[in-house]
1. According to a simple spin-label model (label point 7 Å from Cα along Cα-to-Cβ), what is the distance in nm between B:L6 and B:R61?
2. With +1 on each Lys and Arg Cβ and -1 on each Asp and Glu Cβ, and nothing else charged, work out how big the dipole of the stretch B:2-115 is about its Cα centre, in Debye to the nearest 20.
3. At 0.36 nm per residue, minus the direct Cα-Cα distance, what do B:F101 and B:R116 gain on full extension? Give it in nm, one decimal, please.
4. List the residue ranges in chain B for DSSP H helices whose C-alpha atoms run 15 angstrom or more along the long axis and whose Kyte-Doolittle average is 1.6 or above.
5. Just counting partner chain Cβ atoms within 10 Å, what average do the residues of peptide B:102-110 show around their Cβ?
6. Given a Förster distance of 51 Å, report the FRET efficiency between A:D50 and B:V16 from their Cβ-Cβ distance, rounded to the nearest 0.05.
7. Just tell me how shielded B:71-83 is by partners: mean number of partner chain Cβ atoms within 10 Å of each residue's Cβ, no decimals.
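Throughout, read-outs are computed from the coordinates displayed, never taken from laboratory work. What you are looking at is a predicted structure, and each value in this text was computed from that prediction instead of being measured. All Cβ positions, even for glycine, are placed from backbone atoms using ideal geometry, and neighbour counts span all protein chains on display.
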Amino acid sequence: MKIWIHTGGVQNGPYSKEQIAAMHLPPATPVWYEGLPQWIPACQAPELADIFGAAEPGENPGETTTVRASEPAAAAVCGVETAEALPPRPSTFLAWSIILTLCCCTPFSLAAVVTGALTTQRYNRGDYEGAQRMSGITEWLVIISITLGIVGLPVSMIAMM
Amino acid sequence: MRSGNLFRAAVAFVAVAALAWYYFRDPAVAPAPRCLLQAITGYDCPGCGTQRALHALLHARVGEAWAFNPAVFFAVPLAALYLLADRLPRRMQRVLYAPAFILAVAAAILAWWIGRNL
């Protein structure tokens, strides 16, 4: 069976059922395989019921929720576990990194913008730990960028003389 | 909460001091911090020209500021949007925090960096 999934705002696949099982996707991940009329949360897909466990076959078979990709609210469709309040998005430090590309002119602040994007991407995907990790990396990139800017200030002044 | 206010006050103080500095001193003639990356590589970085642009802007010479570094006109409002993001409508937040949008910002910075050195 070929299964397509929607993660991080893009369509990925096709994957086999075994691959899907190995991925440990959040239950609200939008999935599609041939035979489904539309994208549905993985936890509601009958063919994946043994992986995600939540779907009860036979109960309102036609009545699945349509999920739109990159819609974090879709997480609420998959039972108590994910319907709980989502953890807050870790900081992306984007105001910092954008301003720093203007004044500390180091590639680190550009890297911080990219890791900021990865933070929200992980977060939207439901990977809260990954988002937290990326946010930590971003914070360090911002700190390095500021430090280099402050250290570079006198150095560049001396270099000018 | 209190340390947050202290931090905000410090940022505001630095910002006002910097604006005053750049109002009175023209970085094009007075000694001013130079870009380290440019000193090492000889290439302009995406931020080169920001100080001169700021000085020109503070004297209402918009065209001159644009010529020094047009990126200022995009980066400052965008950074302000991110600072206020929590208070903006949901729909705007969704755009601001869409990975594709942020990656587009990064791509624009990179393109500007390469483009201005060609």
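1. Roughly 4.2 nm, to one decimal.
2. 460
3. Length gained, B:F101 through B:R116: 3.2 nm.
4. Result, helices passing both filters: B:71-83, B:99-115.
5. Numbers: counts 13, 7, 1, 9, 11, 2, 1, 8, 5.
Mean partner-chain Cβ count within 10 Å for B:102-110: 6.
6. After rounding to 0.05, the efficiency reads 0.25.
7. 4
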